[in-house]
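Inspection log for the structure reproduced underneath, given as structure tokens.
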Amino acid sequence: MASHSCCVYLGDKLAAYGFGNDHPFGPQRHAVFEQALREQALDTRVDILPPVITGRETLELFHTPDYIDKVIELSQSGEGYLDNGDTPAFEGMYQAARHVAGCVEDAIEQLMNGHYQHAFVPIAGLHHARRDTAAGFCVVNDCGIAIEILLNRYGLKSVAYVDIDAHHGDGVFYSFEDEPRLIFADMHEDGRYLYPGTGAVTETGKGDAIGTKLNIPMPPHAGDELFFKMWPHLERFLVKHKPEFILLQCGADSIDGDPITHLKYSNKAHAHAARRLAQIADEHCGGKLLALGGGGYNHDNIAKTWTAVVEALAYGE
Ligand SMILES: [Zn+2]
């Protein structure tokens, strides 16, 4: 039985998802988070769970078989790129990607079975990968896999995906653009100034799903003032669609000082988002809130921001 209401996944097999020490998405991201979590004694307020691996069939809930074949092939050589040059192959990436997706799958089971109310998976939140290709450091899209699991394995009628990473969650948005059961809300740096260039305010869903997607582009250099001004709009949108489960992609690359983006929030933004979503989840979803680390390429920001999110998820402990 769980001794706390929140669990956090940590371990070498999860840390193994990365592109080497010289790449912004390197293995230290997991290490700095774990160190900060233990220094702040948050490991006494949450349960730490070891990484879990999943199988090919779970990846294929979202990805095409041809693409998984390509990942397996390039995972053996560790050479070349999985896309047009953003996402290099690395040896063992198939194993590492199945651990990222496996932790997310396990976290969903823990929450759906009532073992925990909230969960956090660092390194996960790989929101750029498409069904048939990698993109933007994302070999698999664990967010998309999570959504497929919730809609198809558990039969939920309404799943919310909230994304406050600096980059638009294009791999999630375009894969579920016409899926009315996916309530999508994304605050990101305006695509005219940052990769991947998408997520205009006019993109609100297609067909039956029109109105189930909310894109909030933020100007470069936007800080806490604008974040806190826009946040209530996102909350109202979510509550209106009565989600049964909330996913949060809380990328730390929207915090001031990130080397590859231009947003300037403080970690108060992420703490507020996590706290409010935990409250909304407790009121409307029987708790079920799963936070995914997402981007973030400044190590101090990763340490501060992800621990602030865990602290918010562990409230009451
Ligand atoms: Zn990002």
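General observations
- Yes/no for residue 263 being more than 16 Å from the ligand (Cβ to nearest atom) and either buried (at least 19 other Cβ atoms within 10 Å of the Cβ) or within 17 Å of the chain's Cα centre (by Cα) (or both): no
- Apart from one condition, residue 205 fits all of (1) without any contact (Cβ under 8 Å) to a residue 40 or more places away in the chain; (2) within 16 Å of the ligand (Cβ to nearest atom); (3) in contact with a strand residue (DSSP E or B) (Cβ under 8 Å, 6 or more places away or on another chain); (4) not in a strand (DSSP E or B); the exception is (2).
- Some residue of the stretch 89-102 being in a helix (DSSP H, G or I), among the acidic types (Asp, Glu), open to solvent by 40 Å² or more (accessible area, probe 1.4 Å) and without any contact (Cβ under 8 Å) to a residue 40 or more places away in the chain: no
- Scanning the stretch 1-43 for residues that are within 18 Å of residue 94 (Cβ to Cβ) and surrounded by 15 or more Cβ atoms within 10 Å (Cβ to Cβ) yields 11, 13, 14, 15, 16, 17, 18, 19, 25, 27.
- Whichever residue in the stretch 280-317 is farther than 21 Å from residue 43 by Cα and modelled with pLDDT of 95 or more and, among such residues, is nearest to the ligand (Cβ to nearest atom): 295
- Residue count for the stretch 218-254, restricted to those that are over 21 Å from residue 141 (Cβ atoms), open to solvent by less than 60 Å² (accessible area, probe 1.4 Å) and not aliphatic (A, V, I, L, M): 9
- Residue tally, condition open to solvent by 50 Å² or more (accessible area, probe 1.4 Å) and either within 22 Å of residue 194 (Cβ to Cβ) or within 16 Å of the ligand (Cβ to nearest atom) (or both), over the stretch 266-279: 1
- Within the stretch 152-169, being over 15 Å from residue 273 (Cβ atoms) and either of a type in the set (S, T, N, Q) or open to solvent by less than 10 Å² (accessible area, probe 1.4 Å) (or both) holds for 152, 158, 159, 168.
- Complete set of residues in the stretch 5-40 that are farther than 24 Å from residue 111 by Cβ and among the polar types (S, T, N, Q): 21, 28, 35
- Neighbours by Cβ (under 8 Å, 6+ apart or cross-chain): first from the stretch 161-179, more than 16 Å from the ligand (Cβ to nearest atom) and polar (S, T, N, Q); second open to solvent by 10 Å² or more (accessible area, probe 1.4 Å) and part of a loop (DSSP other than H, G, I, E, B): 175/131
- Residue satisfying all of: in the stretch 235-250; hydrophobic (A, V, I, L, M, F, W, C) and in a strand (DSSP E or B); farthest from the ligand (Cβ to nearest atom) among these: 245
- Hits in the stretch 44-58 - residues which are part of a helix (DSSP H, G or I) and surrounded by 16 or more Cβ atoms within 10 Å (Cβ to Cβ): 58
- Residue ID - nearest to the ligand (Cβ to nearest atom), chosen from residues in the stretch 144-160 that are touching a helix residue (DSSP H, G or I) at 6+ places or on another chain (Cβ under 9 Å) and outside any helix (DSSP H, G or I): 160
- Evaluated against (1) within 13 Å of the ligand (Cβ to nearest atom); (2) in a loop (DSSP other than H, G, I, E, B), residue 253 falls short on exactly one condition, (2).
- Sole residue being closer than 23 Å to residue 195 by Cβ and touching a helix residue (DSSP H, G or I) at 6+ places or on another chain (Cβ under 7 Å), chosen from 130, 56: 130
The values are calculated or read from the model by the stated rules, or taken from the named source; none is laboratory data. All of these numbers come straight from a predicted model, not from anything done at the bench. All Cβ positions, even for glycine, are placed from backbone atoms using ideal geometry, and neighbour counts span all protein chains on display. What goes into the accessible areas is simple: the full protein's heavy atoms, side chains included, and nothing from ligands, DNA or RNA. Shrake-Rupley method; radii C 1.70, N 1.55, O 1.52, S 1.80 Å.
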